[in-house]
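See structure below.
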Amino acid sequence: MPIADLSVVVEELPGSQLSLAVEVPQSEVDKAFDRALQRFQSKARIEGFRPGKAPREIVEARVGPAALREEAIELLVPEIVAQVLVDKSIDALERPRVEIGEFERGHDARFTARVTVYPDVTLPDLDRLQVERPDASVTEAMVDRRLEELREQLAEITPVERPVQAGDLVVADIDVSVAGEEIPSERRRAMEAEVKEGVLIPELLSAVTGKTVGEVAEAEITLPEDHVDEALRSQSAQVRFTIQGVKEKKLPALDDEFAKQVSEGKQETVAALREAVTEDLQEAASRFSELALEQAVVKAVVDGSQVEVPTTLVDHEVIHQVEDLEKRLHQQGLRLDRYLAYLQKTPEEYVAESRPDAESRIRVDLVLEAAGKQLGVEPTDDEVLEYMRAEAARDPELTDKYLELGANRTARDYFQHRLTRLKILERLVEKAGGPVAGRQKGDEGAK
């Protein structure tokens, strides 16, 4: 209920918080005490009186001043806080934290409510936003590399009795030691690896070449700095690579017969296969270029914006991330505690390490939302329905549920949010790097 004489002083605090200093007139405080006493009176069971009929004086004496005061506070303060939030158009992110200053019958009441709100976002000048569009050209070398990969897929693998050569497959037992002590977790048996750059590290590549079955290739390496075992990160290690078998890989000739085979008859000649490969690569390169441009535009807008991410939002994002991880692990028959034990992390360490990424995601959300408001992006109901129809057509699981989704408010809100995000990204890309080419609604950028 509105309170005319309510006094509210709003003070901005760091961290997107507001302090609301509230003063409530005596008349409202006395009414709250009366309501509290009436509530106790209706529940009172006092000998000699019918339930709820005991005199107020007796009930008050039985309840005591402390309990009566707490009940009056519980009845009045949440109502006052809710009214203040509405009157001041404050969109609170969480339940306000209230600290009572004075609250006694016969006197004005004073309390302070601290509330976290959505932060102000200062955007850069979107009209001056410029991002270079990534190159989407396909070179002859790229086509040659793809054709080589296709030949690799149809390669014949044959065991041989000779020294290891570049391009061979080797079957080997691997042992790793640090400071002379063998590391059991790094041991591998009968592991197959291809002898080529990008598969074996350079130290092993040179050591393995020329070895025969039964011989051992040794190399000094540095373990990864992000090794799952913190004690092994960036440590110098010795690797023993015991050759157990050598296999030769023979690639098919790049001829018309190969073109027919690898394309399942769709291309009759090498020239036709090369043209088809070029088209596929160009399509993929264009998609990658558009996505890279979009990501670069988002980064430019976010980096150029000023926003203080509230701790509350980060807390909620981390909780959601942990809950989502636990759900996915459960679907795989795993438990969160055992997964963290495998990572050698405590729950507290995992949460702490998750916070920077969570804050970054929220920062992006806040900036894009502010950009959408500035650009006036707001899909119509018809656009949302059309988007839902298109998404349902693309997903077999949703095809038969379109009408059901359209009638579901939660589903509509979800798709409206995704479509809004898509339109915001499209507008930003148009401003920064030209129109979006061939973009389909629902691509990665909507997430």
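No value in this document is a laboratory result; all are computed from the given coordinates. Because the structure is predicted, anything quoted here is derived from the model rather than measured. Here Cβ is always computed from backbone atoms with ideal geometry, including for glycine, and neighbour counts include all displayed protein chains.
Worth a mention:
- For the listed residue pairs Lys266/Lys423; Lys196/Lys299; Lys88/Lys431; Lys88/Lys373; Lys31/Lys88, the alpha carbons are over 30 angstrom apart in Lys266/Lys423; Lys196/Lys299; Lys88/Lys431.
- What the Cα convex hull of the range 156-250 gives, in volume per residue, is 95 Å³.
- Added length on full extension, which subtracts the Cα-Cα distance from 0.36 nm per residue, Lys299 to Leu13: 100.2 nm
- Ellipticity estimate at 222 nm from DSSP helix runs (n ≥ 4, -39,500 (n - 2.57)) divided over the chain, nearest 500: -16000 deg cm²/dmol
- Remark: Glu102, Glu203, Glu264 ranked as Glu264, Glu102, Glu203, counting other beta-carbon atoms within 10 Å and listing the fewest first.
- Distance (nanometres) between label positions extended 7 Å along Cα→Cβ at Asn408 and Asp91: 2.5
- Global form of the range 92-162, assessed from the alpha-carbon gyration tensor, a/c cut-off 1.5: oblate
- Unit charges at the beta carbon, dipole of the chain: most positive-side option, Val176, Leu419, Leu223: Leu419
- Spin-label proximity, Thr269 to the range 137-155 - amide N less than 19 Å from point 7 Å beyond Cα toward beta carbon: 144, 147
- Scattering curve values for the chain, log₁₀ I(q)/I(0), Debye with Cα scatterers, q = 0.11, 0.12 Å⁻¹: -1.22, -1.31
- Among Ile424, Ile221, sorting on how many other beta-carbon atoms sit within 10 Å of each Cβ, with the fewest leading, yields Ile221, Ile424.
- For the range 323-415, the percent of C-alpha pairs falling in each 5 Å distance bin, counted from 0 to the bin holding the largest distance, reads 2, 11, 12, 12, 12, 15, 14, 12, 8, 2, 0.
- Put in order of Cβ neighbour count within 10 Å, fewest first, the listed residues Val277, Val377, Val178 become Val178, Val377, Val277.
- Straight-distance crosslink candidates among aspartates and glutamates, where the alpha carbon sits under 13 Å from Lys327 and sequence neighbours closer than 8 are dropped: Asp337
- Distance histogram for the range 7-116 (every C-alpha pair counted, 10 angstrom bins, percent rounded to whole numbers): 14, 39, 25, 15, 6, 1
- With contacts taken as Cα pairs under 8 Å and at least 6 residues apart, the chain reaches a relative contact order of 15 percent.
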